[in-house]
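> Take a look at the following structure, please.
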DNA sequence: AGGCTTTGGTGTAAAAATCACAATAAGTAC
DNA sequence: GTACTTATTGTGATTTTTACACCAAAGCCT
């Protein structure tokens, strides 16, 4: 093989770390590989990038095929390009992470075929390829992100309680339950002005029902434009 | 061309945004392209990744060939993969930024052949490919980085004055001269404990000479280990 | 030598942000 | 209605951040 040919004997893929939150723990959506290499192993959903497809588009496609979701939060993290990361050839992969409302996730043909399943982010076992490393990097990035931008809302249903939001933050930041002071948390969050109170309140719980809040996208944009930082 | 073949009709490259600081302005090292496409245009130094070379290694190689420097600060930023970003084919590039002490930069055969030159980061004109976009992203990342980690030292000579350090921060953060309060800056920096005072003082200046400081790598590691944040 | 010019170096008080902390309210279950 | 569970709210202590002005030390000039 000539040198020029060998330069082109390579491919790129995208891998998607899909985070969800079920009220208790931070989860990641993994698939069980149906083909070699690593057949039977759990892995991050991903695919080769089509020749006429932008990287970002490929990541969106992988996400939609598996979850049926579009227009969700999706952000590139970085590229992973160790020579031997793929046993069958030279494949560089670009990792993305996305945040979805777990209740919106529906089983699509793709996810059915690949036995997709939510896993606790800290109980994933040994994954295919260098996917443990990719997951760790994305988790790190998510932790960083929630401190600098109010992205937490992306993981919750449209209407949620402040307690749910707090639990989400504690879960992402890997703090014990109650690790964030309740009063201070509420003060801070409400003080940002990106939440609006709904008319409705929580139903069907065996205790005092909580007010429901919604995320205000306009205020959020304004918030970002002014370059505020977001710290719990 | 079969579909499988076309998947492999692609290549990846690295592009390196090399930042330096000359005491006044933040600079970026650009090369003038000697070959098509974009012949004669200024561009970020970069190269295709060799078949048996890790991404990070390729970035180090590009940096060393151009500047003669090894073991300098180098960090991956992200991949750029728009379909049409390279006129001759599908090339995904991974952008890195590095911070070097501009005084250490020596003209190597590679930099001579490519007429490398330092440019003010805000006066680069129109670059080849999508390099304006890549530069903007890396600059953004650098701004972010200096607020969260004491990387500023990487751009200064081993012994430097606090005023020089402050000017560097003002330059990177795009603040007016004196945009950071001198007293508060010094308090904060010295309070971090990552600087040690040298015996020597500044020489050959027509005013009161300043004390020289050095960066203490051990304290820095400890600093990072404790997870402190760094904010000006 | 003495004064001019230039940059280096230092402290304090007000304001803001953060932190620690506990009692009452509103529902359901029995 | 009593017990149980979670929701909601405010205050004072502490820490961090900000704003701000003067004297010191060197070279230069006459």
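Taken together, the values in this text are just the output of simple stated rules run on the coordinates, not laboratory data. Keep in mind that what you see is a predicted model, and the values were worked out from it rather than measured. Here the Cβ is made from the backbone with ideal geometry for all residues, glycine too, and neighbour counts use every protein chain on show.
> With each run of n ≥ 4 DSSP H residues scored as -39500 (n - 2.57), what mean residue ellipticity at 222 nm is computed for chain B after dividing by its residue count and rounding to the nearest 500 deg cm²/dmol?
So the helix-based figure for chain B works out to -9500 deg cm²/dmol.
> In whole percent, what relative contact order does chain A give with Cα contacts below 8 Å and a gap of six or more residues?
21 percent
> 7 Å from Cα along Cα→Cβ at both residue B:117 and residue B:177: what's the point-to-point distance in nm?
Label-label distance for residue B:117 and residue B:177, simple model: 2.5 nm.
> So, one more: Stick to Cα atoms and the Kirkwood definition of Rh, then tell me Rg/Rh for the range B:121-189.
Radius of gyration over Kirkwood radius for the range B:121-189 works out to 1.03.
> Hey, another quick one. Report, for residue B:217, each distance to the same residue's label point in the other copies, shortest first and in nm; define the point 7 Å along Cα→Cβ.
In nanometres, ordered from closest: 5.0.
> Which shape class, rounded, prolate or oblate, goes with the protein assembly as shown when its Cα gyration tensor gives a ≥ b ≥ c as root eigenvalues, a/c under 1.5 marks rounded, and past that a/b bigger than b/c marks prolate?
oblate
> Moving to a separate point now. For the range B:1-144, what are Rg and Dmax over the alpha carbons, in angstrom?
Expressed in Å, the Cα Rg and Dmax of the range B:1-144 come to 15.1, 55.
> Looking only at the range A:1-125, where both bridge partners belong to it, what percent of the DSSP beta bridges are antiparallel (to the nearest 5)?
About 65 percent, rounded to the nearest 5.
> If the label for residue B:186 sits 7 angstrom from Cα along the Cα-to-Cβ line, what are its distances to the same label in every other copy, in nm to one decimal, shortest first?
Distances to the matching label points in the other copies: 4.7 nm.
> Over all alpha-carbon pairs in the range A:101-232, figure out the percentage whose distance exceeds 27 Å.
Of all Cα-Cα pairs in the range A:101-232, 31 percent lie more than 27 Å apart.
> Nearest beta-carbon of B to the rotation axis carrying it onto A: which residue, how many whole Å?
Output: B:79, 2.
> Give me the three principal axis extents of the range A:127-167 from the C-alpha atoms, as integers in angstrom, largest value leading.
If we take the Cα atoms of the range A:127-167, the spans are 38, 21, 15 Å.
> For the residue pair residue A:200 and residue B:88, what label-to-label distance in nm results when each label sits 7 Å from Cα along the Cα-to-beta-carbon direction?
Going from the residue A:200 label point to the residue B:88 one covers 5.9 nm.
> Cut-off is 10 Å between beta-carbons; in what order do A:169, B:213 appear when sorted fewest neighbours first?
Ascending Cβ contact count within 10 Å gives the list A:169, B:213.
> Find the Rg to Rh ratio for the range A:154-225, where Rh is the Kirkwood radius over alpha-carbon pairs and Rg uses the same atoms.
My calculation of the ratio gives 0.97.
> Order by neighbour count: A:12, A:185, fewest other Cβ atoms within 10 Å first, most last.
Result, fewest neighbours first: A:185, A:12.
> Of all beta bridges DSSP finds with both residues in chain B, what is the antiparallel percent, to the nearest 5?
Beta bridges within chain B, antiparallel portion: roughly 70 percent.
> Quick one: length gained pulling residue A:186 to residue A:50 fully straight, 0.36 nm per residue minus the C-alpha distance?
Result: 44.4 nm gained on full extension.
> Find every distance from the label point of residue B:108 to the corresponding label point in the other copies (7 Å from Cα along Cα→Cβ) and write them in nm, one decimal, shortest first.
Copy-to-copy label distances at residue B:108, shortest first: 4.5 nm.
> Looking only at other chains, what is the average number of their beta-carbon atoms within 10 angstrom of each beta-carbon in B:84-96?
2
> Write down Rg/Rh for the range B:20-70, rounded to two decimals, with Rg from the C-alpha atoms and Rh from the Kirkwood relation over Cα pairs.
Using Cα coordinates only, the ratio equals 1.04.
> Does the range B:101-152 come out rounded, prolate or oblate, given a ≥ b ≥ c as the square roots of the eigenvalues of its C-alpha gyration tensor, rounded meaning a/c under 1.5 and, failing that, prolate meaning a/b above b/c?
oblate
> State, to one decimal in nm, how far the label point of residue A:25 lies from the label point of residue A:103, with both points 7 Å from Cα in the Cβ direction.
So the label points at residue A:25 and residue A:103 sit 2.1 nm apart.
> Sticking with this one: To make sure I understand, if each residue's beta carbon is the centre and we count other beta carbons within 10 Å, what order do A:73, A:220 fall in, fewest to most?
Listed from fewest to most nearby Cβ atoms, that is A:73, A:220.
> Please state the relative contact order of the range A:16-84 as a whole percent: Cα pairs under 8 Å, 6+ residues apart?
Once normalised by length, the contact order is 20 percent.
> Express as a percent, rounded to the nearest 5, the fraction of DSSP beta bridges in the protein assembly as shown (both residues included) that run antiparallel.
70 percent
> Another question about this same structure. How much length is gained on full extension from residue B:211 to residue B:159, taking 0.36 nm per residue of separation minus their Cα-Cα distance?
Taking 0.36 nm per residue and subtracting the Cα distance, the gain is 17.8 nm.
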